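See below for the structure under consideration.
The values are calculated or read from the model by the stated rules, or taken from the named source; none is laboratory data. Note that the coordinates shown come from a computational prediction; the quantities given were computed from them, not determined experimentally. Ideal geometry is used to build each Cβ from the backbone, glycine not excepted, and the neighbour counts take in all protein chains shown. Areas reflect the complete protein model, heavy atoms only, side chains present, ligands, DNA and RNA absent. Shrake-Rupley method; radii C 1.70, N 1.55, O 1.52, S 1.80 Å.
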Amino acid sequence: MFKIVNVITDNQKFTVASIIITLFLCYTFSLFSNLPQKNYDTSAMARKGKMVWQKYNCNACHQIYGLGGYLGPDLTNVTSIRNTKQLTAFIKSGTKSMPVLNLTDTEIECLIEFLKNVNSTGKSDPRTFQIQKNGTIHQ
Amino acid sequence: MEPFINKKYSYPGLFLRTGLLLLSIGLIFGLTGALQYILLGFIKQYISFEKIRPLHVSSVVFWIILGAIGSVLSYVQQHSGKKLHSEILLKIQFYIFCVSIISILISYFFGVFGGREYWEFNPLFALPIGIGWILFIINFVKTLGSFKNQPVYVWMWLTGIVFFLFTFLESYLWLFPYFSDNVVNDMTIQWKSYGSMVGSWNQLIYGSSIFLMAKISGDKSIGYSKISFALYFTGLTNLTFNWGHHIYTLPTHDYIKHISYIISMTELILIGRIIYKWRLTVSEARKHFHIVSFRFLSAADFWVFLTLLLAILMSIPGINVYTHGTHVTVAHTMGATIGINSFLLLAVAFDIFPRNNKYLSLAFWIANISLLIFWISLIIAGIEKAKWQMRAIQSPFSTMMMDIKPYFISFFISGLALIIALTFIILPLFKKENTRK
Ligand code: HEM
């Protein structure tokens, strides 16, 4: 099996590699210049809220669109099932697993604004997905 | 030129050993995390899960990265028959990495986060790591010398080294509001970079494994065979285009999903095939001489097979809908990072520090069996959560987590067994060479 010696020349290898890498760069930069969501409106508060989310590493226990740690629930659409009062209560007093992280009131307001913003970008509940004929998922 | 002589190259070995140390630390954090799954709120006042998880994940990811660097730097010298281009650059790189990694772990303890999955540290730390990586590139390229007529593992190393830097930088694009203002855009680019980054370190590790196989079998043509290059090019295609399977359920461009759906999991099939064919070619005598490395390479082959099976299932969107966001994903990640990446790196470690003792064989089997139970427990927990997710009327999240606790308990116990076995495997690597057979 491995007795086949160097049947592919360097030139051929460089050519194939260059093609793949060129395609990759085209893919990358076309994606950068044409990001998936365009008409969105992110308020300054939501932007700050995102930094609060990252500062306290909420993502280690929670997911957004199913990505994150798995000790706690997915929060992509939590603002459509809980109101601001309930959310504030959760964040302030924690739960059995969730620690009290001592966020300031402003941080909590911004965070909830961020979660509302996330909610407006789509749905992550698998019950709402449709699987299309070509095999991809549509929401 | 006699490239296959084992010499003592101290610093590359130090990279591997520091990696092994990080692995040991990471295992303890992993176990603590698993304990927090079954004893809710366990030590949460001191160190709760948002600290434990990054401590675990960063430690083990740095094990893989340092191990990969160590393996490449040792083998590139054996391959080229030359000493490393610059020992000083290497020392600088080593200390930059050590200081950064220690600072990162300490910062987690104090709850200082950048808050991005996997790279959860403050973005400032990315700077020294990036610089250290550039030193690595310089050292590697200079030591290699010529690009002419190189075997496949050199191609893999080069690809891994360059793409790691590219994707590492890409993963910090979120610092620009253009990329991060919208969460879907942000996550698309984030997972694009992560998907390719994992592919990059795989290239480094697979490259070293193929070198090691050539060395064990004494058959250098492995590095030049058509199938090896076929593996390399499919690997490169996967690395560049297959990242979309992480974000099937994100409302992002459809074409991203189509592309990664079409680019299947061929890379894993091919590496499995190479190891399998190679095992048939290794003579009993040579096998015996490298028995521990040989075992770990074979174990990785088995885990490639299992991971492939799960990965193919998970990349069918109709199944991904259910498994996404559950512990099936965790099974996939840990199955691959332990069973494939770590086992291949252990094979390399036992080549660079040849050791054997009477416990190793037993520890090897316990590690594999407990990893299997560990993996299955996570998959069952994931399937149960998937069923819950699809229910019209769901019980509360906390009730569901209570219901699947038995699987987390078996996850914890098998994890503990895995750790004990790995300890017996890792310890000899820190001892002076004495029992080589
Ligand atoms: C070589 C050894 C190991 C490696 C390379 C490893 C790697 C990883 C990785 C990459 C993740 C992130 C998973 C994801 O995001 O999908 C993870 C998560 C985790 N690992 Fe490990 N792991 C190892 C051993 C262990 C052991 C022995 C235990 C426990 C006994 C453990 C417990 C955990 C826990 C609890 C999580 C978090 C799951 C969650 O997100 O909720 N790990 N590990």
(Q) So, in the range B:14-24, exactly how many residues are more than 10 Å from the ligand (Cβ to nearest atom), farther than 12 Å from residue B:61 by Cβ and not charged (D, E, K, R)? (A) 6
Q. Restricting attention to the range B:326-338, and to residues there that are open to solvent by less than 20 Å² (accessible area, probe 1.4 Å) and within 9 Å of the ligand (Cβ to nearest atom), which single residue is nearest to the other protein chains (Cβ to nearest Cβ)?
A. B:327
Q) Residues in the range A:39-79 that are free of Cβ contacts under 8 Å to residues at least 40 places away in the same chain, part of a loop (DSSP other than H, G, I, E, B) and away from the ligand (no atom under 16 Å from the Cβ): how many? A) 2
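Modelled with pLDDT of 95 or more, within 16 Å of the ligand (Cβ to nearest atom), crowded, with 16+ Cβ neighbours inside 10 Å and more than 19 Å from residue A:75 (Cα to Cα): is that true of residue B:382 in this structure? Walk me through how you get there before you give the answer.
On the way: modelled with pLDDT of 95 or more: yes; within 16 Å of the ligand (Cβ to nearest atom): yes; crowded, with 16+ Cβ neighbours inside 10 Å: yes; more than 19 Å from residue A:75 (Cα to Cα): no.
No: the conditions fail for residue B:382.
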**Q.** In the range A:80-139, the residues that are assigned to a helix (DSSP H, G or I), within 13 Å of another protein chain (Cβ to nearest Cβ) and closer than 25 Å to residue B:252 by Cβ
**A.** A:111, A:113, A:114, A:115, A:116, A:117, A:118, A:119, A:126, A:127, A:128
(Q) Out of the residues in the range B:273-302 meeting the condition of being of a type in the set (Val, Ile, Thr) and at pLDDT below 90, tell me which one is nearest to residue B:353 (Cα to Cα). (A) B:291
Q: Would you be able to say whether some residue in the range A:53-65 is touching a strand residue (DSSP E or B) at 6+ places or on another chain (Cβ under 6 Å), more than 7 Å from chain B (Cβ to nearest Cβ) and not hydroxyl-bearing (Ser, Thr, Tyr)?
A: yes
Q. Can you name the residue in the range B:83-115 that is in contact with a Pro (Cβ under 8 Å, 6 or more places away or on another chain), open to solvent by less than 20 Å² (accessible area, probe 1.4 Å) and under 13 Å from residue A:56 (Cα atoms) and is also farthest from the other protein chains (Cβ to nearest Cβ) among such residues?
A. B:108
(Q) Based on this model, can you work out whether residue B:376 counts as within 9 Å of the ligand (Cβ to nearest atom) and either open to solvent by 10 Å² or more (accessible area, probe 1.4 Å) or within 13 Å of chain A (Cβ to nearest Cβ) (or both)? (A) no
